[in-house]
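Colleague: This is the structure I want to talk about, given as structure tokens.
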Amino acid sequence: MPSTEKVDLRGAAATLLMTLYMRRLDARSRRPILGDPWAEPVWDRIEHDVHGLWQFTGDVSTIVCRAAILDGWTREFLSAEPAGQVLHLGCGLDSRPLRVGVPSTCRWVDVDQPEVMEVRRRLYDLPDSIEQVAGSVTDDGWWSAVDPTLPTLVVAEGLFMYVPAEAVHATVDRVVSGTPAATLAFDAVAPWTVRASRWTPTFRAVGTEFRWSWNPAEFAHRHPSLTERDDISIYDEVSLREPRVWLRPLLSAAGHVPAMQDAMRLHRFTTG
Ligand SMILES: C[S@@+](CC[C@H](N)C(=O)[O-])C[C@H]1O[C@@H](n2cnc3c(N)ncnc32)[C@H](O)[C@@H]1O
């Protein structure tokens with residue numbers, strides 16, 4: 001029986017427990033959407049003191065649907081650019097590099113804050129080819145791990161809403177100007193959710209809130225060399241993938257409420 005690990009995370013780092021908790025619930029369900037086989041064994045090894053995670057039970061389908069779409073976009077990149085490079089920013093305790101099957105010819109770099117990478121190293125036995133880089137995306141350090149000659153995918157799930165706007169744009173600029181061809185796949189939240197996040201009890205308890213929200217005109221203005229390939233409302237996707245078929249019409253109706261349409265969207269951009 002593998003030993004358990006004490007995980008003492010605060011601020012945005014603690015939110016990785018929420019997404020891992022939801023992936024585990026999905027994996028244990030009768031008809032999983034993502035079916036992450038690593039979520040339960042990793043979760044079972046964690047000792048933590050973040051209470052109230054049950055409050056996220058209603059968000060399981062949304063969060064694992066987001067992961068499934070980003071896995072799909074990652075697989076597409078790996079098959080188009082098997083000798084490229086993936087920057088998995090804000091990786092948390094996600095098993096994505098194991099789920100998507102990284103070809104040996106592709107570079108894969110996991111990046112998250114030092115306290116998270118320390119836990120990630122203890123809980124996952126990742127192949128040496130999956131590089132583990134400790135650093136905040138708001139700092140310069142992690143960029144030295146990036147190969148500037150390779151076509152690059154940035155996959156950032158549940159990250160940019162925790163990062164100040166200037167740092168989000170600087171990260172995008174860095175990848176766009178620092179690699180020969182870039183694809184960016186990420187989720188973004190609506191401005192009203194930033195206010196709502198301040199009242200989310202578990203966020204308050206760990207000391208975090210959303211800091212950046214989606215403004216399509218501003219993003220287009222700041223990054224004129226990027227072309228949007230996909231812009232998906234998570235509600236539209238969940239209403240198609242929700243295993244409880246009876247819930248689908250309700251989700252679809254909720255997704256037509258303008259505020260919900262934009263609550264969380266998945267974006268894929270490419271250079272050129
Ligand atoms: C909601 S969790 C998502 C984790 C993982 N992507 C997943 O889907 O399970 C947010 C993650 O973003 C990371 N994060 C927040 N701010 C960051 C920063 N400035 N630099 C790097 N990672 C950051 C946190 O440490 C945490 O792991």
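The values are calculated or read from the model by the stated rules, or taken from the named source; none is laboratory data. Quick caveat: nothing in here was measured; it's all calculated off a predicted structure. Every residue, glycine among them, receives a Cβ derived from its backbone with ideal geometry; neighbour counts consider all protein chains shown. Heavy atoms of the whole protein, side chains included, go into the accessibility calculation; ligands, DNA and RNA do not. Shrake-Rupley method; radii C 1.70, N 1.55, O 1.52, S 1.80 Å.
Colleague: Sort out which residues of the range 98-116 are open to solvent by less than 10 Å² (accessible area, probe 1.4 Å) and touching a Cys at 6+ places or on another chain (Cβ under 7 Å), and write them in order of number.
Modeller: ASP110, VAL111
Colleague: How many residues does the range 219-242 contain that are open to solvent by less than 40 Å² (accessible area, probe 1.4 Å) and in contact with a Ser or Thr (Cβ under 7 Å, 6 or more places away or on another chain)?
Modeller: Of the residues in that region, 5 qualify.
Colleague: Kindly check whether there is at least one residue in the range 53-67 that is within 21 Å of ILE232 (Cα to Cα), among the β-branched types (Val, Ile, Thr) and open to solvent by 30 Å² or more (accessible area, probe 1.4 Å).
Modeller: No - not one qualifying residue is present in the range 53-67.
Colleague: Next question. For the range 198-210, indicate whether the set of residues that are open to solvent by 70 Å² or more (accessible area, probe 1.4 Å), hydrophobic (A, V, I, L, M, F, W, C) and within 16 Å of the ligand (Cβ to nearest atom) is non-empty.
Modeller: Within the range 198-210, one or more residues are open to solvent by 70 Å² or more (accessible area, probe 1.4 Å), hydrophobic (A, V, I, L, M, F, W, C) and within 16 Å of the ligand (Cβ to nearest atom).
Colleague: Right, next: Could you please give the count of residues in the range 147-165 that are within 12 Å of the ligand (Cβ to nearest atom) and either in a helix (DSSP H, G or I) or not β-branched (Val, Ile, Thr) (or both)?
Modeller: Within the range 147-165, residues that are within 12 Å of the ligand (Cβ to nearest atom) and either in a helix (DSSP H, G or I) or not β-branched (Val, Ile, Thr) (or both) number 8.
Colleague: Determine whether LEU34 is at pLDDT 95 or above and open to solvent by 20 Å² or more (accessible area, probe 1.4 Å).
Modeller: On the way: at pLDDT 95 or above: yes; open to solvent by 20 Å² or more (accessible area, probe 1.4 Å): yes.
So LEU34 fits the description; yes.
Colleague: Here's another thing I want to ask about it. Pairs, please: C-beta under 8 Å, at least 6 apart or cross-chain, first residue more than 23 Å from THR62 (Cβ to Cβ) and in the range 6-20, second part of a helix (DSSP H, G or I) and more than 8 Å from the ligand (Cβ to nearest atom)?
Modeller: Within 8 Å, the pairs are VAL7/LEU17; VAL7/VAL119; ARG10/VAL206.
Colleague: Quickly run through the range 71-110 and pick out the residues that are in contact (Cβ under 8 Å) with a residue 40 or more places away in the chain, touching a helix residue (DSSP H, G or I) at 6+ places or on another chain (Cβ under 6 Å) and hydrophobic (A, V, I, L, M, F, W, C).
Modeller: Across the range 71-110, the qualifying residue is only LEU93.
Colleague: Another question, then. Do we find a residue being modelled with pLDDT of 95 or more, within 27 Å of GLY178 (Cα to Cα), buried (at least 19 other Cβ atoms within 10 Å of the Cβ) and within 14 Å of the ligand (Cβ to nearest atom) anywhere in the range 74-83?
Modeller: Looking through the range 74-83, at least one residue is modelled with pLDDT of 95 or more, within 27 Å of GLY178 (Cα to Cα), buried (at least 19 other Cβ atoms within 10 Å of the Cβ) and within 14 Å of the ligand (Cβ to nearest atom).
Colleague: Where residues in the range 1-50 are within 11 Å of the ligand (Cβ to nearest atom) and polar (S, T, N, Q), which of them is nearest to the chain's Cα centre (by Cα)?
Modeller: Only one residue tops the list, namely THR19.
Colleague: Please determine whether any residue of the range 117-140 is among the aromatic types (Phe, Trp, Tyr), open to solvent by less than 60 Å² (accessible area, probe 1.4 Å), under 25 Å from ILE69 (Cβ atoms) and within 10 Å of the ligand (Cβ to nearest atom).
Modeller: Let us first name the residues in the range 117-140 that are among the aromatic types (Phe, Trp, Tyr), namely 124.
Then drop every residue that is not open to solvent by less than 60 Å² (accessible area, probe 1.4 Å), which leaves 124.
Narrowing the set further to residues that are under 25 Å from ILE69 (Cβ atoms) leaves 124.
Still in the list and also within 10 Å of the ligand (Cβ to nearest atom): none.
Among the residues of the range 117-140, not one is among the aromatic types (Phe, Trp, Tyr), open to solvent by less than 60 Å² (accessible area, probe 1.4 Å), under 25 Å from ILE69 (Cβ atoms) and within 10 Å of the ligand (Cβ to nearest atom), which makes the answer no.
Colleague: If you check PRO180, PRO258, PRO216, PRO191, which single one turns out to be open to solvent by 40 Å² or more (accessible area, probe 1.4 Å), modelled with pLDDT under 95 and not basic (Lys, Arg)? Working first, answer last.
Modeller: Numbers: PRO180 fails: modelled with pLDDT under 95; PRO216 fails: modelled with pLDDT under 95; PRO191 fails: modelled with pLDDT under 95.
Result: PRO258 is the single residue among PRO180, PRO258, PRO216, PRO191 that is open to solvent by 40 Å² or more (accessible area, probe 1.4 Å), modelled with pLDDT under 95 and not basic (Lys, Arg).
Colleague: Further question on the same structure: Could you tell me which numbered condition TRP43 fails, if it satisfies all but one of (1) crowded, with 22+ Cβ neighbours inside 10 Å; (2) touching a Phe, Trp or Tyr at 6+ places or on another chain (Cβ under 9 Å)?
Modeller: (1)
Colleague: Scan the range 120-136 and report the pairs whose first residue is touching a residue at least 60 places away in the same chain (Cβ under 8 Å) and whose second residue is outside any helix (DSSP H, G or I), with Cβ atoms within less than 8 Å and a gap of 6+ or a chain change.
Modeller: ARG122/GLU5; LEU123/GLU5; LEU123/ARG45; LEU123/ILE46; LEU123/LEU93; TYR124/TRP38; TYR124/LEU93; TYR124/SER95
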